[in-house]
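What follows is calculated from the coordinates using simple rules that are stated; it is not laboratory data. In this text the structure is predicted, and so the values were computed from the model without any measurement. Here the Cβ is made from the backbone with ideal geometry for all residues, glycine too, and neighbour counts use every protein chain on show.
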Amino acid sequence: MSAYHLRSLTGLVLLAVALAAACTSQPRSAAARREEPWTASPADVSHGEAPVGTSTAPAPVDPRAPAPSASRLVTIRLETREAKLAIAPGVLYEAWTFDGRVPGPVVRVTEGDTVDFTLVNRAMMPHSMDFHAAQIAPSRAYVNVMPGDSIHYRWVPQVPGVFLYHCGTAPVAMHIANGMYGALIVDPARPLPPAREFVFVQSEFYTKPASDTAGAQQLDWEKLLGLAPDAIAFNGIANQYAEHPIRVMAGETIRLYVVDAGPNRVSAFHVVGAIFSKVYVDAVPAHAWEGVQTVDVPVGGGMIFETHLVEPGTYPFVTHAFADATKGAVGMFVAR
Amino acid sequence: MVQQTEAVTTLDVRPMLAAGEEPFDAILDAARAVPAGGVLEIVAPFEPAPLYAVLGGMGFAHRTEPLEGGAFAVRFTQTGITAAATVAEVAERSPAAAGIFGSHLMDLCCGGSLTLERSAQAHGVELAGLLAELREAAAR
Ligand SMILES: [Cu+2]
């Protein structure tokens, strides 16, 4: 300890010398500055007059809901693995994934189906699976799967709705922030009326330059703990549905399955220019709300929204927490 | 599983993982008990990369060594350097800090009383990189 103190005195002297020249706040060399953080181009979505992407190409992640289950036995096999993925145009992120995608694949089953589930861990560290749609002992089903190992079990979804699934390995915030989540739809045994259906998973990204890949980003744990995300996305890529608007018909019923994966930010989900005719909270048909403008989708929760767009035009959908929309949680419907 | 010599605590989490237990809390408990300058060695069947950020946030530098059979040993050294530490505290703890602050043209304008977080912000220096650099130098 005494050596420690001696050296510390030297340190203070050196510090004073080193800084004497700099203490007048001279312009600093470019090398000493941080490299400029990337930014998602903010969208002005406040009046439904946002500059809308003109791309007719589909968005990178297809927002359409998959078809309902056709069999009473649904086999789901997911692999955990690392992948470098775009989280905004031109921004690559070193993600941890289910099946190489963020979010993981949308899973759709029907109340009372039997789900035959296998998780194979092809990643470099332990991962696990936590289905919010299941009622099961986590100590049996949501356990860590070692690299190269797998887990298999069956369960029966008994409550309809749209649910989060995610990796539950500690520290959970890290596994979720790195991309290990997805949406699982449980259709009620008596199906909802036909509609044009989309799935949106909202989540945040907390980034710093990756240590091993030039140009890529990786998780910044301090930013995560400080609740300071760089990007917030629907379906894993900031602004993708503003740049590639989703085409619908005016007047038709639109059904939106919205899940908030977080790990931290609630989604105040809202469609500009529309009112939700029905909102299924988590999402039992018997308890639908009617005539609602904005509904908080909690972190770790899901809601089913129904609405229609009354006339042709462009209708943004956002989290009405507008700092988050500005960071990328915004998309567009174009009604014809 | 927990072995303690003078300054090094070793925690081999392989038996816990083999038994299906979650070692994260045990690791955090062990880390909290490490004094300044002390070392916590974690032995795991995979590279415990998530710990770098989590224990880093608690002030630990790390050095990773692959073992035979695919396991890893990581030595975490408690440097006490966190975002909330002041520039003066860090300079006092780590002689190498002076040169690092100098290379980023970070000054002692407020007597070093600013936290690293505030000071990095004021000087346009990337905090995560600065912390990693300071911790690594302090652990050397
Ligand atoms: Cu995981």
(request) Could you tally up the Lys pairs in the protein assembly as shown with alpha carbons closer than 27 Å? Skip any pair fewer than 8 positions apart unless they're on separate chains. (result) 6
(request) Taking every Cα atom in the stretch A:73-335, find the radius of gyration and the maximum pairwise distance Dmax, and write them in Å. (result) 18.1, 53
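Where does the protein assembly as shown land on the Kirkwood hydrodynamic radius, alpha-carbon pairs, in angstrom?
Numbers: mean 1/r = 0.0409 Å⁻¹.
Hydrodynamic radius (Kirkwood, Cα pairs) of the protein assembly as shown is 24.4 Å.
Let's see if you can work this out: charge +1 on each Lys and Arg Cβ, -1 on each Asp and Glu Cβ, no other charges. What is the dipole magnitude of the stretch A:90-225 about its Cα centre, in debye to the nearest 20?
Details: 9 positive and 13 negative charges, 33 e Å.
With Lys and Arg at +1 and Asp and Glu at -1, about 160 debye.
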(message) Test of understanding: ordering A:212, B:25, A:99 by Cβ neighbours within 10 Å, fewest first, what list do you get?
(response) A:212, B:25, A:99
(request) Along Cα→Cβ, 7 Å out, is where each label goes; now give me the distance between the ones at residue A:296 and residue B:36 in nm to one decimal. (result) 4.2 nm
(message) Charges at C-beta only: +1 for Lys and Arg, -1 for Asp and Glu. How large is the resulting dipole of the protein assembly as shown about its Cα centre, in Debye rounded to 20?
(response) 300 debye
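Using the Kirkwood formula over every pair of different C-alpha atoms, what hydrodynamic radius in Å results for the stretch B:26-121?
For the stretch B:26-121, the Kirkwood estimate is 14.6 Å.
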(request) Divide, for the stretch B:87-139, the radius of gyration over alpha carbons by 2.2 N^0.38 Å, where N is the residue count. (result) 0.98
(request) Count, for each residue of B:122-134, the Cβ atoms from other chains sitting within 10 Å of its Cβ, then give me the mean as a whole number. (result) 4
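Sort A:96, A:155 so that the residue with the fewest other Cβ atoms within 10 Å of its own Cβ comes first and the one with the most comes last.
Values: A:96 25, A:155 17.
Going from least to most buried by this count: A:155, A:96.
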(request) Measure nothing but the geometry: give the 0 to 90° angle between the long axis through the Cα atoms of B:127-139 and the longest principal axis through the Cα atoms of chain B, rounded to 10°. (result) 70 degrees
(request) Would you compute the Debye intensity of the stretch A:153-248 from its alpha-carbon atoms alone, equal scatterers and no solvent, and pass along log10 I(q)/I(0) at q = 0.10, 0.18, 0.23, 0.25 Å⁻¹ to two decimals? (result) -0.40, -0.99, -1.24, -1.33
(request) Between residue A:225 and residue B:19, with labels modelled 7 Å along Cα→Cβ, what's the label distance in nm to one decimal, could you check? (result) 2.8 nm
(request) Can you find, among A:293, A:262, B:39, the residue farthest towards the positive end of the dipole of the protein assembly as shown? Put +1 on the C-beta of Lys and Arg, -1 on that of Asp and Glu. (result) A:293
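List B:17, A:227 from most exposed to least, where exposure is judged by having the fewest other Cβ atoms within 10 Å.
Details: B:17 17, A:227 11.
Least to most surrounded, the residues fall as A:227, B:17.
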(message) From the C-alpha coordinates alone, can you work out the Kirkwood hydrodynamic radius of the stretch B:2-78, in Å?
(response) 12.4 Å
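How large is the charge dipole for the stretch B:2-78, taken about the Cα centre, if only the Cβ atoms of Lys, Arg (+1) and Asp, Glu (-1) carry charge, to the nearest 20 debye? Before the final figure, lay out the partial values.
Values: 4 positive and 10 negative charges, 43 e Å.
Around 200 debye, computed over the stretch B:2-78.
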